[in-house]
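Down below is the structure, laid out as C-alpha cells.
Only the coordinates and a few stated rules stand behind these numbers; no lab work does. Computed from a predicted structure; not experimentally measured. We place every Cβ from the backbone using ideal geometry, glycine too, and count neighbours over all the protein chains shown.
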Amino acid sequence: MSKKQLKKPLIIAGSLLLLMSCAGTSFAAYSHDLYPNYWQQGRSSVTYSVQSTFDSTTKTQMQTAMSQWNNALPSGSFLYKSASDTNDSTPSQNNINTITKYPYGADGFTGEHVPYLNSAGKVIESDIRINSSHNWSNSPKPNYRDIQSTMTHEFGHSLRVGHSPIYEDTMFGEGSLNTDYKRTLTTADREAAQASVSRWITNSLRTNDDESSKSDLSDKVVVHSEAEVIQFDKNQLVNEADVIVSGTVIFQEVKKDFEGFPVTDTTIRVQTVYKGEPGETVTIRVKGGETDNMIYTLNKEASPTFKIGEEAIVFLTGNKGSRPDKDDFGYYLVGQAQGKFDSGIQSQSQGVAKNSTDTHSLDLNNIQNEINLIEKYNKLNNIPKLYLPEGQESNI
Ligand SMILES: [Zn+2]
C-alpha cells in the first residue's frame, strides 16, 4: 500500500479523535479522581446506620449532606440513613454501613471513609468514622471544623468520587476550619458524581467487568481508605507538637490496633531535641499496613511512610485520646505527612528541610531559633489547640 492511499483514512481518524476529545471536555468538566474501586455492578443504594450517640442536629445534618449528592443524580437517590441507629463506635466489616465517632486523639484526622473491597476489587461495604477528639461544630466557628462540611465530603467518597485539586470543590482533599463552604456542591462535584455512579448502576458494564479486575488478594479484608486531614500552618504545627526531634529511623513493625486495623509503628533514634523531653528513641504510629488478615491503605497525606536509615525531623503529639491501646506506642505525627520533614543528605546540602506535603520548610541552620520564636508568638497570642485533651470528647 502506498503512502498516498493511507493518507485519507488517517485524517478521518484524526478528526474523529478531535471530535471525541471535544465531547469529552464539554461533558466532563471536573478534575476529580474517580476510584477504580467502585460498588459492585447493579448496586442502587447504600444505607448508613448512625451511631446512636451523635447529637440530633448532627444526624439531621448528615441527611442534608446526603441529599446534596442524591439531588445531583439523575438516576435517583443513592444515599440513605437507616431509621435504626447503631451502638457500634468503631468501623468493622459486618455488612452494616456505619457512621461512628471515637476520640482517637490529635492524629490530624477529622473524618475517614472506610470502604471494604471484595476479591474483585469492588466495594461491598462502606463505613465512615469521625475523630471526636477534634473540635467540631454544627456551624462555622474559629478553630472548629463544621461537621456537615466533612460529612458532605465523605459521602462523595461513598459515591466513589475521589479528590479534586480545586479548593472550591467539596471534594478538595484537605479540610479547613471556620467555614462551611463544602456543604454545597459545585457543578464539577455534581458531574463527577454522575460520571462515577453511572459506572455501576447502568447496564453498560460488561458482565465480566467485575472479574476482569480480579487480583490475587487471598482471603484478606481489603480497605483502601481516604482520610480528611486538617491543613496546619507552621505556627499550629509547632503549637500542636509535644515533641520536635531530628533522628534516624532504626526499626519498623506492623501491628493491629485496638480496632483490628493494621498500623505501622516506626522507631526513630533521636539525634537533636528541639521541643519536649523525649527519651533516646521515639515510636510513631501511622495508620496502614498488612497483617495476616487485612490490607489497609490510605491516601498519602494521611499515611506518610518511613524507611530504615532515613533521616527526618518529626513533629509529634502524645495526645492519643481515649484509645485503649495508647500505651503500645509513643506518638502520632502532627498533621500526619505535614509533620514529617526530610533531613537527609540532599536536604543537608541545600540547608533546607521540606515536609512530605511540600507545604512547609525549615532552615536547617536555624531550626531551634525559629521554633523558639514561634513558641513565643503562640504563647503571646494564645493560639489554641485544635484537638481536645485526652479524656475529653466533642459533643457533636
Ligand atoms: Zn477525602
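Give the cross-link partners of residue 256 among the aspartates and glutamates, using a straight C-alpha distance below 12 Å as the criterion and excluding same-chain residues fewer than 8 apart. The reachable aspartates and glutamates, counting only those whose Cα sits under 12 Å from residue 256, are 265, 290, 292, 325, 328.
Taking trypsin sites (Lys or Arg not before Pro) across the range 290-396, the ones in a DSSP loop with at most 16 further Cβ atoms lying within 10 angstrom of their Cβ are 300, 307, 385.
Taking a ≥ b ≥ c as the square roots of the eigenvalues of the Cα gyration tensor, an a/c ratio of 1.5 or more together with a/b no larger than b/c marks the range 77-121 as oblate.
For the chain, give the share of DSSP beta bridges that are antiparallel, in percent and rounded to the nearest 5; count only bridges with both residues there. Provide the component values of the computation, followed by the final result.
Details: 50 of 72 bridges.
Looking only at bridges with both residues in the chain, the antiparallel portion is about 70 percent.
By how many degrees, 0 to 90 and rounded to 10, does the Cα axis of helix 147-158 deviate from the longest principal axis of the chain? Helix 147-158 sits roughly 50 degrees off the main axis of the chain. Taking the chain as a Gaussian network of alpha-carbon nodes connected by springs under 10 Å, the highest mean-square fluctuation of the residues 364, 177, 316 belongs to 364.
Can you tell me, using C-alpha contacts under 8 Å and at least 6 residues apart, the relative contact order of the range 92-184 as a whole percent? The partial results should precede the final answer.
On the way: 167 pairs, mean separation 22.7, N = 93.
Relative contact order here is 24 percent.
Just list whichever of 59/379; 234/300; 220/300; 275/320; 287/379; 122/182 have alpha carbons separated by over 29 Å in the model shown.
From the list (59/379; 234/300; 220/300; 275/320; 287/379; 122/182), the Cα-Cα distance tops 29 Å for 59/379; 287/379.
Label-to-label distance, residue 250 versus residue 52, with points set 7 angstrom from Cα along the beta-carbon direction: 4.9 nm. Highest mobility in the GNM of the chain, judged by mean-square fluctuation with C-alpha springs under 10 Å and restricted to 153, 134, 32, is found for 32.
For the range 57-141, the convex hull drawn through the C-alpha positions has a volume of 137 cubic angstrom per residue. If you build a Gaussian network model of the chain, linking Cα atoms that sit under 10 Å apart, which residue out of 277, 174, 191 swings the most? Top of the fluctuation ranking is 277. For the Cα atoms of the chain, what angle does the longest principal axis make with the long axis of helix 187-201, in degrees from 0 to 90, nearest 10? Taking Cα atoms only, the helix is inclined about 60 degrees.
Over the range 234-380, what is the mean sequence separation of C-alpha contacts under 8 Å (at least six apart), divided by residue count, expressed as relative contact order in percent? Provide the component values of the computation, followed by the final result.
Values: 310 pairs, mean separation 34.7, N = 147.
Reported relative contact order: 24 percent.
With N as its number of residues, the range 225-290 has a Cα radius of gyration that, divided by 2.2 N^0.38 Å, comes to 1.28.
How many percent of the alpha carbon pairs in the range 46-229 exceed a separation of 29 Å? Before the final figure, lay out each step's value.
Numbers: 3255 of 16836 pairs.
Distances greater than 29 Å cover 19 percent of the Cα pairs.
Multiplying the residue separation of residue 381 and residue 195 by 0.36 nm and removing their Cα-Cα distance gives an extension gain of 62.2 nm. Taking 7 Å steps out from each Cα toward its Cβ at residue 328 and residue 77 produces label points 3.9 nm apart. Name all residues of the range 123-146 having a backbone nitrogen under 20 Å from the label point set 7 Å from the Cα of residue 293 along its Cα→Cβ direction, giving them as ranges. Zone members listed by number: 124-127.
If contacts are Cα pairs under 8 angstrom and at least 6 residues apart, what is the relative contact order of the range 46-229 in percent? Display every interim value, and only then the final one.
Numbers: 361 pairs, mean separation 44.6, N = 184.
Result for the range 46-229 is 24 percent.
Just to check, using Stokes-Einstein with a Kirkwood Rh over alpha carbon pairs, what's the diffusion coefficient of the range 234-380 at 25 °C and 0.890 mPa s in µm²/s?
Values: Rh = 15.6 Å.
Stokes-Einstein gives a translational diffusion coefficient of 157 µm²/s.
Relative to the longest principal axis of the Cα atoms of the chain, the long axis of helix 3-27 lies at roughly 60 degrees. Using Cβ point charges alone (K and R +1, D and E -1), the dipole size of the range 234-380 about the Cα centre works out to roughly 280 debye. Temperature 25 °C, viscosity 0.890 mPa s: under these conditions the Stokes-Einstein estimate for the chain, based on its Kirkwood radius over C-alpha pairs, is 108 µm² per second.
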